[in-house]
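For reference, the structure is listed below as structure tokens.
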Amino acid sequence: MAKGNIGVTTENIFPVIKKFLYSDHEIFLREIVSNAVDATQKLKTLAEKGDFKGEMGDTSVRISLDKEAGTLTISDHGIGMTEEEIERYINQIAFSGVTDFLDKYKDNANAIIGHFGLGFYSSFMVSDKVDIITKSYKDGAQAVKWSCDGSPEYEIETIEKEERGSDIVLHISDDCKEFLEQQKITELLNKYCKFMAVNVVFGKKQEWSKDENKMVDTAEDNVINNVEPLWTKTPSTLKDEDYKSFYRTLYPMQDEPLFWIHLNVDFPFHLTGVLYFPRIQSNIDLQRNKIQLYCNQVYVTDQVEGIVPDFLTLLHGVIDSPDIPLNVSRSYLQSDQNVKKIATYITKKVADRLNSIFKTDRKDYEAKWDDLKVFINYGMLTDESFYDRAKDFALFKDTEGKYYTYEEYKTLIKEQQTDKDGTLVYLYANDKDEQYTYIEAAKAKGYSVLMFDGQLDTPTVGLFEQKFEKSRFTRVDGDIIDRLIPKEDAKKIDMSDEDSANLSAIFNSQMPQIEKAHFNVEVQALGAEQMPAVFTQSEYMRRMKDMSRYQSGMAFYGQMPDTYTLVLNSDNEIVKSILTDANASTTEALKPILAEIRSLKAQEQVLENEKKDKKPEDITDEEKKQLDDTRKSISEQETKKSEVISSYAAANDKVHQIIDLALLQNGMLKGEALDKFLKRSASLLK
């Protein structure tokens, strides 16, 4: 038996591994099994070249547990190692600059292990001791056993071993006993080794035994992996059902995908894989990180940001490339030219596939559009180059369920929906039922209304306004229809300023108190045939509030109340009758108040004129007091006026009915207010 020290330039590598890799310690199994697969593949290569002429035999990599002995063993029948090779590959570790190492890589186990070639040494994250029992494939090779207890010292001795290959025996630490549980090892093998290129066996398959009333082992090996996953095959040999079946293997609980893209490129980098477009449910974030990244069929991560463009992280599937530097920092990934080329390639491949489906089977493409839209909108919002590719196959859908390309829709609405200033106005709705009245009013004018009910439609509106020449988008309930697309100057109100103010005051006094809602009232001439009143909401403020859900820096807008304007139709006979009745009912009560207001305002004007030409320091305290008292008196009289108008309005069922009808139209009439409306409606029918 020989003893020696492992050639490391740090005082002790193992405490470093234990301390700084502990959070990711489960990857040890991937590293050891991957080494075993590599050893097996190397033997196959030697056999193919004629450098190994022996019998291949069983080439499976086998994992076995011995809970009583506290060991986990990974065995292969690959090339094995001689004592000299152990000295070269195991005992000499090129590992220097420990201070820089700790600072740079202490939070990233993948980075440490991969960057420094420490795959085998990851076993010490979970082991108190590790044995290597190995025999080289070379003729006359002597089997050896290497042992190390986590210090720089090791022991090596010659032993008897019939078969070539290596057994890596991990003596699991007391604080890592979970890795002696069959369920845990099964979970890790399924995660990291499911598609490795050599059969990986863990125990035997089981079946239910009626006699023993439990699951029992059969004679058949439990092979946990598929050595030829779908992405390694030629697309022409595959059918749709093959892709769907593979998708079900990756995501057992997911709905069937919309379609898929098979990636296969050899130059200037190597990349294979299959990307699926899933059916998006309701939350984008829940769908992220579904792309699995592999390196030569070895699972690495599902955190593919920086490799796949951000908008494509919504896709599902597999990417496999030996050219992606997997074990370095994300900042390195983002600057690596190979990675940038891969991201560009994937974006182009996705765009080409979408364009191909659109051109060859537009009907099928339109049928899938509602699911596709979130991908394409997200892509256009986050990737300028993707917008340039997607604008020819991205679609608008109108409230009738018809689909148009951007150019087709522009042609459709250009004549009817260009306003008096030459701006093309795109109308849209986001709830067909709630905005039904507004949609119908637009259609009655010959206008088309788009359906924007997707998760990213609101932020995409801003993009369209940037990209589309002399165009603007407005929600169909953002204003009365004639003001959404003004064809001429606004129609003048056939009503005095005083009557208009009184009418506004009547309705303002009866507006409801709704949490996080603020109401204004204005009077407009909308035409005798139009409704007596309609609620509108500022396009700008609504859009800002919607955007606040997507951009944290806009949270201020999300806290602001919704602002609604009740537009009273001065041409409507019911509104006219309310004004006439109000004037008749309040004239006597208002006469002395209005007279007092006029007198006080005249007095205010005189006082204002007297101080107009004086410097501030020349105005006496008495003059200031007179003006303040006058203004206070005006305010008191205005309050009396409002009380008279409010008292009249409170008793007028027509006022409340008009307000409630407008609220009902906007889905804002609920609870007690809705109950009062229903009872009032029944009473008015008598």
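The values are calculated or read from the model by the stated rules, or taken from the named source; none is laboratory data. Note that the coordinates shown come from a computational prediction; the quantities given were computed from them, not determined experimentally. Cβ: placed from backbone, ideal geometry, glycine included. Neighbour counts: every protein chain shown. Heads up: the accessible areas ignore ligands, DNA and RNA and are worked out on the full protein's heavy atoms, side chains in. Shrake-Rupley method; radii C 1.70, N 1.55, O 1.52, S 1.80 Å.
Hey, among the residues in the stretch 399-445 that are assigned to a strand (DSSP E or B) and farther than 16 Å from Leu484 by Cβ, which one's least open to solvent (accessible area, probe 1.4 Å)? Here the answer is Thr405. Against the conditions (1) more than 18 Å from Leu566 (Cβ to Cβ); (2) surrounded by fewer than 16 Cβ atoms within 10 Å (Cβ to Cβ); (3) at pLDDT 85 or above, Ile597 satisfies every one except (2).
Kindly indicate the residue of the stretch 316-341 that is modelled with pLDDT of 80 or more and open to solvent by less than 40 Å² (accessible area, probe 1.4 Å) and also farthest from Cys295 (Cα to Cα) among those meeting that condition.
Step one: filter the stretch 316-341 for residues modelled with pLDDT of 80 or more, giving 316-322.
Those left that are additionally open to solvent by less than 40 Å² (accessible area, probe 1.4 Å): 316-321.
On the way: His316: 17, Gly317: 14, Val318: 11, Ile319: 8, Asp320: 5, Ser321: 5 Å.
Step by step, filter the stretch 316-341, then rank; the result is His316.
Among the criteria (1) among the polar types (S, T, N, Q); (2) farther than 23 Å from Val655 by Cα; (3) open to solvent by 20 Å² or more (accessible area, probe 1.4 Å), the one Asn520 does not fulfil is (2). Among the candidates Asp388, Asp371, Asp383, Asp364, the residue that is open to solvent by 10 Å² or more (accessible area, probe 1.4 Å), closer than 24 Å to Arg279 by Cβ and free of Cβ contacts under 8 Å to residues at least 60 places away in the same chain is uniquely Asp364. If the condition is being closer than 14 Å to Asn569 by Cβ and either in contact with an Asp or Glu (Cβ under 9 Å, 6 or more places away or on another chain) or open to solvent by 40 Å² or more (accessible area, probe 1.4 Å) (or both), then the stretch 479-491 contributes Asp479, Asp482, Arg483, Ala490, Lys491. Against the definition (within 58 Å of the chain's Cα centre (by Cα), surrounded by fewer than 13 Cβ atoms within 10 Å (Cβ to Cβ) and either at pLDDT 90 or above or not charged (D, E, K, R) (or both)), how does Lys640 come out, yes or no? For Lys640, the condition - within 58 Å of the chain's Cα centre (by Cα), surrounded by fewer than 13 Cβ atoms within 10 Å (Cβ to Cβ) and either at pLDDT 90 or above or not charged (D, E, K, R) (or both) - is not met.
If only residues of the stretch 182-202 that are open to solvent by 40 Å² or more (accessible area, probe 1.4 Å) and touching a residue at least 60 places away in the same chain (Cβ under 8 Å) are counted, the one that is nearest to the chain's Cα centre (by Cα) is Lys191.
Could you please let me know if Phe20 is modelled with pLDDT under 70, touching a Lys or Arg at 6+ places or on another chain (Cβ under 8 Å) and open to solvent by 40 Å² or more (accessible area, probe 1.4 Å)?
In short, yes.
Within the stretch 144-173, the residues that satisfy the criterion of being modelled with pLDDT of 90 or more, farther than 22 Å from Val33 by Cα and not in a strand (DSSP E or B) are Ile159, Glu160. If the condition is being touching a Ser or Thr at 6+ places or on another chain (Cβ under 7 Å), under 26 Å from Val33 (Cα atoms) and not in a strand (DSSP E or B), then the stretch 299-324 contributes only Val304.
Among the residues making up the stretch 434-452, a single one is of a type in the set (Asp, Glu) and at pLDDT 90 or above: Glu440. Filtering the stretch 652-660 for residues that are open to solvent by 40 Å² or more (accessible area, probe 1.4 Å), in a helix (DSSP H, G or I) and of a type in the set (A, V, I, L, M, F, W, C) leaves an empty set.
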